[in-house]
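Novice: A single structure is presented below for examination.
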Amino acid sequence: MSLAIGGVATTTDRIEWSVKMIRELTPELAEIAKRELNEKPNQIQDNVKHLKDWISKQPHLKARTDDQWLVGMLRGCKYSLERVKRKLDLYYTLRTKAPEVTLRIKPTDVKFLEFFKLGTCVILPKPKDKLMPRVILIRPGAYDPSKDNVADIMCVLYYLVQILIIEDDVATVLGTKIMVDYENVTMNHFMQGTPSMLKKMIAVCQDSMPLRLKGSHHINLPSGIEKIFTLISGLLNEKAKERLKIYKQHEELFQEIPKEIIPQEYGGAGGRISEIIDYWAAKITEYEDWMLQEVQLGTDESKRQGPPPINLDLGMNGSFRQLEID
């Protein structure tokens, strides 16, 4: 089984090349990008230059300006330059204003890789003969809430997505799907996810990340979780609400996610989770220099001209302590 994500970067030198050069899409993917994202190859370079010029004029913004990164942002916003500017500002504002969900464990910390190897968040392999959104598997029950925090999963997801944006044109054009497995999740896990933290996590995932979310699929839900889903749904946009699906049987997943990429632990043929973890652990190590630069980026709010792009203090306090989860 091949777990390669199909990108061009396999060494640090090639990573540098891939982000500075705009890759040409395959004909099939280019047609989808044109039809669904309004991508015009002869205008991409001008759009990227426009964004670089704009970033250089924002005194508060310390943002990445690599070509491939900005192309990912453009695709995620369907080439609306104004939307890209808002998303870029929001992305780096949340880096600074919500570090508890973006930098609780830094990708440069030893603990980051240790936590990643628990397998709470991995990207599943591509199907061999089908173009489809990339699938991210989240397993919150894989960590011990007495040692780690649900926000650590958010940190892992946050930086894995960066690698996808740089390496994988399928992800930037077709987006992602999330598969969440609640096996072994306890009340102690849910108590960590306060409404305030959930609001910040959703702001990061739904509103600031450039990859479009094409669906979220949930399995092994404990009874009593309905109240939490009601709260979460209130924070989602309409598309995200429509794309949220709950399954009682693993086999039902195969209608939405090909069996060939689903891990063997769920009845699929996509290899064992341990193999997928090993692949992505090596990939994270490969991006060490990239991440060293990444954690320096964000915003300097003292230099901002005008209001910030989001208000994270809307009085959402409390916890889920009063709920009964079986």
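Novice: Need the failing condition index for Thr11 against (1) closer than 23 Å to Asp152 by Cα; (2) at pLDDT below 95, just the number.
Specialist: (1)
Novice: Let me ask you something else. Given the structure, is Ala171 open to solvent by less than 10 Å² (accessible area, probe 1.4 Å), among the hydrophobic types (A, V, I, L, M, F, W, C), over 30 Å from Gln305 (Cβ atoms) and touching a strand residue (DSSP E or B) at 6+ places or on another chain (Cβ under 7 Å)?
Specialist: Numbers: open to solvent by less than 10 Å² (accessible area, probe 1.4 Å): yes; among the hydrophobic types (A, V, I, L, M, F, W, C): yes; over 30 Å from Gln305 (Cβ atoms): yes; touching a strand residue (DSSP E or B) at 6+ places or on another chain (Cβ under 7 Å): yes.
Yes: the conditions hold for Ala171.
Novice: Here's something else I'd like to know. So which residues in the range 203-239 are of a type in the set (A, V, I, L, M), under 17 Å from the mean Cα position of the chain (by Cα) and modelled with pLDDT of 75 or more?
Specialist: The answer is Ala203, Val204, Met209, Leu211, Leu213.
Novice: Same structure, new question: Of a type in the set (Val, Ile, Thr) and farther than 30 Å from Glu16 by Cβ, is that true of Val180?
Specialist: Details: of a type in the set (Val, Ile, Thr): yes; farther than 30 Å from Glu16 by Cβ: yes.
So Val180 fits the description; yes.
Novice: Is it true that Lys20 is at pLDDT 95 or above and open to solvent by 60 Å² or more (accessible area, probe 1.4 Å)? Break it down into steps so the answer makes sense when it comes.
Specialist: Values: at pLDDT 95 or above: no; open to solvent by 60 Å² or more (accessible area, probe 1.4 Å): yes.
So Lys20 does not fit the description; no.
Novice: Let me ask another. Looking for something among the hydrophobic types (A, V, I, L, M, F, W, C), open to solvent by less than 30 Å² (accessible area, probe 1.4 Å), in a helix (DSSP H, G or I) and in contact with a Cys (Cβ under 9 Å, 6 or more places away or on another chain) - is there at least one such residue anywhere in the range 195-209?
Specialist: No, that holds for no residue.
Novice: Next question, about the same structure. Within the range 13-61, can you find the residues that are in a loop (DSSP other than H, G, I, E, B), of a type in the set (Lys, Arg) and closer than 27 Å to Lys214 by Cβ?
Specialist: Here is the first cut: in the range 13-61, the ones in a loop (DSSP other than H, G, I, E, B) are 21-26, 38-40, 57-60.
Filter once more, keeping what is of a type in the set (Lys, Arg): 23, 40, 57.
Hits for the range 13-61 are Arg23, Lys40.
Novice: When the residues of the range 272-291 are filtered to those that are open to solvent by 80 Å² or more (accessible area, probe 1.4 Å), modelled with pLDDT of 95 or more and assigned to a helix (DSSP H, G or I), which remaining residue is farthest from Glu16 (Cα to Cα)?
Specialist: Step one: filter the range 272-291 for residues open to solvent by 80 Å² or more (accessible area, probe 1.4 Å), giving 272, 275, 278, 288-289.
If we keep only those that are modelled with pLDDT of 95 or more too, we end up with 272, 275, 278.
Going one step further and asking which of them are assigned to a helix (DSSP H, G or I), we end up with 275, 278.
Numbers: Glu275: 27, Asp278: 23 Å.
Residue satisfying both the conditions and the ranking: Glu275.
Novice: On to the next question. Which of the following residues is modelled with pLDDT under 95 and not acidic (Asp, Glu): Thr108, Thr120?
Specialist: Numbers: Thr120 fails: modelled with pLDDT under 95.
Only one candidate passes the filter, namely Thr108.
Novice: Let me ask something additional. Considering (1) in contact with a strand residue (DSSP E or B) (Cβ under 9 Å, 6 or more places away or on another chain); (2) more than 18 Å from Ile219 (Cβ to Cβ); (3) not small (Gly, Ala, Ser), say which one Arg139 fails and leave the rest.
Specialist: (2)
Novice: Before we move on, is Leu103 touching a Leu at 6+ places or on another chain (Cβ under 9 Å) and not aromatic (Phe, Trp, Tyr)? Give the derivation first.
Specialist: Working: touching a Leu at 6+ places or on another chain (Cβ under 9 Å): no; not aromatic (Phe, Trp, Tyr): yes.
The answer is no for Leu103.
Novice: Give Asn149, Asn188 a once-over and let me know the one that is more than 20 Å from Lys87 (Cα to Cα), of a type in the set (S, T, N, Q), open to solvent by less than 30 Å² (accessible area, probe 1.4 Å) and free of Cβ contacts under 8 Å to residues at least 60 places away in the same chain.
Specialist: On the way: Asn188 fails: open to solvent by less than 30 Å² (accessible area, probe 1.4 Å).
When all the criteria are applied, what remains is Asn149.
Novice: Looking at (1) out of contact with any helix residue (DSSP H, G or I) (no Cβ under 6 Å at 6 or more places or on another chain); (2) without any contact (Cβ under 8 Å) to a residue 24 or more places away in the chain, which is the one condition that is false for Phe112?
Specialist: For Phe112, the failing item is (2).
Novice: May I pose another question? Under the condition of being more than 19 Å from Lys177 (Cα to Cα) and touching a Gly at 6+ places or on another chain (Cβ under 6 Å), which residue from the range 133-152 is modelled with the lowest pLDDT?
Specialist: The qualifying residue modelled with the lowest pLDDT is Val150.
Novice: Which residue pairs have Cβ atoms closer than 7 Å, lie 6 or more positions apart in sequence or on different chains, and pair a first residue in the range 38-59 that is closer than 16 Å to Arg75 by Cβ with a second residue that is surrounded by fewer than 16 Cβ atoms within 10 Å (Cβ to Cβ) and modelled with pLDDT of 95 or more?
Specialist: Asn38/Lys78; Asn47/Leu81; His50/Leu81
The values are calculated or read from the model by the stated rules, or taken from the named source; none is laboratory data. Everything numeric in this text was worked out from a predicted model, so none of it was measured. Cβ coordinates were reconstructed from backbone atoms using ideal geometry, including for glycine residues, and neighbour counts include every protein chain displayed. In case anyone asks, the SASA skips ligands and DNA or RNA and just uses the protein heavy atoms, side chains included. Shrake-Rupley method; radii C 1.70, N 1.55, O 1.52, S 1.80 Å.
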